[in-house]
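We did not get these values from a lab; they are worked out from the coordinates using the rules stated. Every value quoted in this text rests on a predicted model; they were computed, and no experiment measured them. Glycine gets a Cβ as well: all are built from the backbone with ideal geometry, and neighbour counts include every protein chain shown.
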């Protein structure tokens, strides 16, 4: 599903990612971990096509989705949820926000798909509210509802549980589990390694722009290099 070959990203000639090789199969759910500035978010943005297009970046190597090179921003196979949902919200109401991507693609059954997404995320009572008036957790759910409505095959989530209370975080990971069971391919940047152990079987460690480790989450996250890389070892593995 996703193949990355010798990927390097430079910003103003400064290396951000360094010769990353990575294969992710269809239907896999994978966690990306690493300290601040390690290159995790840059890797997600490169997969979705945000980098290098339209920004001051240079790219070497290639990113392939289903055998095709990523050559434009936000490929229609991909949904990319940013860490800060305010960066993606812009409509006047929740239902308009969820419908926007569908209408932009002239999709069929917009009303039904929006209704299903609202119900799945528990947002029926918020459909006529302005997204910017909602809590951080509710904003995150609005963007996840947009994702559900669009029915993308590849889902990229950048720290989906950051700044959320425990209950909302658990709800979001329940949705992730359901989407994984439905066959979606999911990559999650996550700092909460306890969440990874509970929900994600494979973990990739990015350190100073390089892929340093890749394997079963319980094996990768217990290694002593985690502390040096700025990653917390889950309490259950200590």
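Table for the structure above
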| item | result |
| --- | --- |
| Value of relative contact order over segment 98-155, rounded to a whole percent, pairs C-alpha under 8 Å and six or more apart | 46 |
| Compactness of segment 103-151 - radius of gyration and Dmax, Cα, Å | 10.7, 31 |
| Sites residue 130 and residue 84 - FRET efficiency at Förster radius 22 Å, r taken between beta-carbons, to 0.05 | 0.80 |
| Calculated FRET efficiency for the pair residue 151/residue 225, C-beta based, R₀ 41 Å, to 0.05 | 0.60 |
| Helix-only CD estimate at 222 nm, as mean residue ellipticity for the chain, using -39500 (n - 2.57) per DSSP H run (n ≥ 4) | -9500 deg cm²/dmol |
| Label point distance in nm, residue 5-residue 96, each placed 7 Å from Cα along Cα→Cβ | 4.5 |
| Relative contact order (%) - criterion: Cα under 8 Å, at least six apart; region: the chain | 26 |
| Highest-first arrangement of 56-67, 206-217, where packing means the average Cβ count within 10 Å | 206-217, 56-67 |
| Value of relative contact order over segment 100-238, rounded to a whole percent, pairs C-alpha under 8 Å and six or more apart | 16 |
| Stretch gain in nm, segment residue 23-residue 59, where the contour uses 0.36 nm per residue and the Cα spacing is subtracted | 11.1 nm |
| Fraction of antiparallel bridges per DSSP, the chain only, in percent to nearest 5 | 60 |
| Taking only Cα atoms of segment 150-238, radius of gyration then Dmax in Å | 13.4, 40 |
| Pairs of Cα atoms farther than 30 Å apart, the chain, % | 25 |
